[in-house]
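Undergrad: My questions all concern the structure below.
What follows draws every value from the coordinates through simple rules; no lab data is involved. These numbers come from a predicted model, not from an experiment. All Cβ positions, glycine included, derive from the backbone under ideal geometry; neighbour counts span all protein chains shown.
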Amino acid sequence: MPENAWAALLIVVLGFALGCFYMSRKKDRKTARRLRKERRQLNSGHQVTDPEAPPRVLSDAEEVPEFNGAEGVIKLRQDLEKTNNANATLQSELKALGLRLKKVQTERDSLVKKVQTQDEQLQTLRAQAQQAEIEQRAQAKAKVSAPVDAPDFPPPQVKVLTGSTGGQWRHACGSVHGSEKTTDQCQDRSQLVVTSGGKFVILAVADGAGSLKYSNLGAEEAVTAAARVARDVLESIESSGEALTRQEFLRISNKAFVGALEAVSSRAEREKRNAHEYGSTLILLIAGPDCTACAHIGDGRAGCCLRDGQWIPLLSPMKGGEANMTKFLTHLRDEPGLVQANFIPLSSSAVFCISDGCENASWFTKTKSQYRAHGPLVDPNIPSADFWASIAMTVVELPGQLMTKGMAQPEVQNETDRLFAQFILAGNPTLKAERDDKTIALAVNLP
Amino acid sequence: MTTNPFSAESPKNYEQKCTVALVVDTSGSMSEHSRLVNMVAGLAAFIKEVQEDENLKNKLEIGIVAFSHECRRVVEPSLAADIQLPELKAEGGTFSIQAIRAGIQMVSDRKAWYRTNGLSYYRPWVIHITDGEPDSREFGGEFEAKWDELAQQIRQAEQQKTFCFLSLGVDEFKPAYLERIKQAQIPVYKMSGLKFTDFFKWLSATIAEVAKGADVGKAVQSNTGSWDSGQSPS
């Protein structure tokens, strides 16, 4: 073989070997480019899953290594698998986080709704509380405000009685039915007695309980016994020429009330009934040259006009929560200290007592307070000077007028009492409107 | 006829008061046979009569509780001259227990007001007017127990003299329930026809009698007149 042929063969072999080496390197480069592309895509994938994370940039150190043959490819594949696994884990975590976020959002919505409801409830409660406060204030205002139509507290009642009775007691007394009452009989009773010497006058008034069957009989027994006992003692004082002292009056009143209770109890016993059924109030008023005194159980009023013209009360009525609740003589058995007594060491121009049926007509009983115009109403317990002076003057003048018409002395008193009873029944609109039984006993003594 | 020589002018006083709480049924059945119309006319006549009565016009304070399935204080206790009757509509059930309690509360509130203002007062009245049977739906399973509780409260009030309670049955009312809540002295009344005006006339006279101390039992049983059917047990 010629030398040229060997040289040409050598060149062909070398050229083939170089071509093979070149093709192998080209294939590795292609693989490296593909891997680099895949990694970039993976990096881009991180950006999608975590929008907050900054874009990942491969550092120089992380530069895809130069192709290192089959080992490099295996390593890169392992890396890729790891990355895929990590990606799957992240995706799973992301899904879980998404679910949790949804749950938290639902809970948040529910709480917001709850808070809104509670806010509304709170606002309603606040409005209610505000309304309640307004009402409470209005009620408190109503509580402290006295009725606007109530009359004012009366001024001092001063009126001097004029005329003369020659130092004698002149009087008028009567008990009448309630104006429109058609059943039963009058349950009030009264007695007016002047002692034989003419010095003392005794007024006794009893108001039988409307709800008790025999209270009219009890009232009758009470005034009769009390007046009799007082008269006996006063006539003995009168004949001895002594003055009536406070101690003596207390002794008389005690004796008169015990005597009255005994009389009522005896009657109940005789009639085989319970003494309670005979319940009535009792007022005993005594006036003499040096004193004016009163004792009572229950309601009604008593008063006098002193010589200087002052009209004053002599008792405080015993009243319960309701208007017609009071104490009765029959309660004295269980309450020995029940009698209230009042003694004034002064003589009077006029003395008078009434059952509660007449109190609105003759007394200041319910007016505004003298201290607080808008406060609770009060009971001034002051006899009306206008009312009493007017009828007292008639009691002074009427006997003379009747006698000038030719009427004899006993008839004069009967006629006076008859006219007086008419007056009590319907003498003015207030008396006429009153449906309760009414009693007035009045005695006047002017020099 | 000669003029009486006695004459005198009376002082001015604030009148002591008596409260009457009218607990009136305005349930749907009251629209039948013009019952409600008659009752309202009777109420108007009652108020007018009290206004014209010298004794009662400044004494009687009237309050009204209207009830069906709910109850309302439609008129607070006031003098007759100050009352304006509201329009009453017949509708709903007959929830009586709360209504009667509201009537009792009304008189209790007024008594407290009297006491606070230093006023004396007469024993108040609660008047219950109905044409039917109380509705047990008011308290479901507890209705009977609540009715007994109410009955006890009313009986205690009689013993303690807190208030007078009167029930008036109209037309087809069922007396059995009303019998359970009556006071011993005051029977359940059954109205003859729809004579509300006569009933209220009798009521004002009775209240005036009791106010002056008359026995309650005796006062309520006298002269009931044409409005009372006479079938009420006494």
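Undergrad: For segment A:199-214, just list the computed ³J(HN,Hα) in residue order, Karplus coefficients 6.51, -1.76 and 1.60, θ = phi - 60°, integers in Hz, with x standing in for Gly and Pro.
TA: Each residue's phi maps through the Karplus curve to give 7, 10, 10, 10, 10, 10, 10, 10, 10, x, 5, x, 8, 9, 5, 10 Hz.
Undergrad: On to the next question. What's the extension gain from residue A:417 to residue A:88 if we count 0.36 nm per residue and subtract their Cα-Cα distance?
TA: 106.0 nm
Undergrad: How many Cβ atoms of partner chains, on average, are near each residue of A:360-370 if near means within 10 Å of its Cβ?
TA: Going residue by residue through A:360-370 and averaging, the value is 4.
Undergrad: What number, in percent, do you get for the relative contact order of chain A if the mean sequence gap of Cα pairs under 8 Å and at least 6 apart is divided by its residue count?
TA: 20 percent
Undergrad: Tell me which residues come under 5 Å, amide H to amide H, from residue B:174 once H is placed; ignore anything under 5 positions away on its chain.
TA: Excluding prolines and chain starts, which carry no amide H, the hits are B:132, B:133.
Undergrad: Under 14 Å between alpha carbons, and skipping anything fewer than 8 positions from residue A:319 in its own chain: which aspartates and glutamates qualify?
TA: Counting by Cα, and skipping residues close in sequence, residue A:319 has these aspartates and glutamates nearby: A:207, A:299, A:356, A:359, A:379.
Undergrad: Mind listing the phi-derived Karplus ³J(HN,Hα) values for segment A:285-301, rounded to whole Hz, using 6.51, -1.76 and 1.60 with θ = phi - 60°, and x for any glycine or proline?
TA: 10, 10, 9, x, x, 10, 7, 9, 9, 8, 9, 7, 10, x, 9, x, 9
Undergrad: Taking segment B:44-90, how much of its Cα-Cα pair set, in percent, is spaced more than 16 angstrom apart?
TA: For segment B:44-90, the fraction of Cα-Cα distances above 16 Å is 39 percent.
Undergrad: So what's Rg/Rh here for segment A:208-364, counting alpha carbon atoms and using the Kirkwood radius for Rh?
TA: Here the Rg-to-Rh quotient is 0.98.
Undergrad: Please return the longest stretch of chain A lacking exposed loop sites, where trypsin sites (Lys or Arg not before Pro) count only if DSSP places them in a loop and at most 12 other Cβ atoms lie within 10 Å.
TA: With trypsin sites (Lys or Arg not before Pro) excluded where exposed in loops, chain A gives A:1-271 as its longest stretch.
Undergrad: Nearest 5 percent is fine: what portion of the DSSP beta bridges confined to the protein assembly as shown is antiparallel?
TA: If we restrict to bridges inside the protein assembly as shown, about 70 percent are antiparallel.
Undergrad: A further question on this structure: Kindly count the pairs of lysines across segment B:84-199 whose alpha carbons are less than 30 Å apart, treating pairs on different chains or eight or more residues apart as eligible.
TA: Here the count comes out as 23.
Undergrad: Separate question: Read phi for every residue in segment A:76-82 and hand back ³J(HN,Hα) as whole Hz from Karplus 6.51 cos²θ - 1.76 cosθ + 1.60, θ = phi - 60°, with x for Gly and Pro.
TA: Those phi angles translate into 5, 5, 5, 4, 4, 5, 4 Hz.
Undergrad: So how far, in whole Å, is the C-alpha centre of segment B:26-99 from the one of segment A:368-407?
TA: 42 Å
Undergrad: Past 27 Å, Cα to Cα, is the threshold; run B:57/B:218; A:432/B:218; A:159/A:405; A:405/A:432; A:432/B:17 against it and keep the listed order.
TA: In this structure, A:159/A:405; A:405/A:432 exceed 27 Å between Cα atoms.
Undergrad: Looking at segment A:304-386, I'd like the Rg to Rh ratio, where Rg is from alpha-carbon atoms and Rh is Kirkwood's inverse mean 1/r.
TA: Result: Rg/Rh = 1.00.
Undergrad: If you keep only loop residues by DSSP, which GluC sites (Glu not before Pro) in segment A:193-245 have at most 12 other Cβ atoms within 10 Å of their Cβ?
TA: Answer in residue order: A:242.
Undergrad: Something else: From the mean inverse distance of alpha carbon pairs (Kirkwood) and the Cα radius of gyration, derive Rg over Rh for segment B:1-52.
TA: Across segment B:1-52, the Cα-based Rg/Rh ratio is 1.32.
Undergrad: Hey, could you pull the Cα Rg and Dmax for chain A, both in Å?
TA: Gyration radius and largest Cα-Cα distance of chain A: 58.6, 207 Å.
Undergrad: Straight-line reach from residue A:30: which lysines have Cα under 20 Å away, leaving out those fewer than 8 places along the same chain?
TA: A:75
Undergrad: In whole percent, what relative contact order does chain B give with Cα contacts below 8 Å and a gap of six or more residues?
TA: This gives 21 percent for chain B.
Undergrad: Report, by chain and number, residues whose modeled amide H sits under 5 Å from the one on residue A:364, excluding near sequence neighbours (fewer than 5 apart, same chain).
TA: A:382, A:384
Undergrad: Roughly speaking, what is the centre-to-centre gap between segment A:240-301 and segment A:92-121 when only Cα atoms are used, to the nearest Å?
TA: For segment A:240-301 versus segment A:92-121, the Cα centre distance is 89 Å.
Undergrad: Between residue B:31 and residue A:164, what is the label-point separation in nm under the 7 Å Cα-to-beta-carbon projection?
TA: 8.5 nm
Undergrad: Still on this structure, I have one more. GluC sites (Glu not before Pro) within segment B:10-67: which are DSSP loop residues with at most 16 other Cβ atoms inside 10 Å?
TA: Of the GluC sites (Glu not before Pro), the ones in loops of segment B:10-67 whose Cβ has at most 16 other Cβ atoms within 10 Å are B:54.
Undergrad: Over chain A, with a Gaussian network built from C-alpha contacts below 10 Å, which listed residue (A:69, A:241, A:166) shows the highest mean-square fluctuation?
TA: Among A:69, A:241, A:166, the largest mean-square fluctuation in the Gaussian network model of chain A belongs to A:69.
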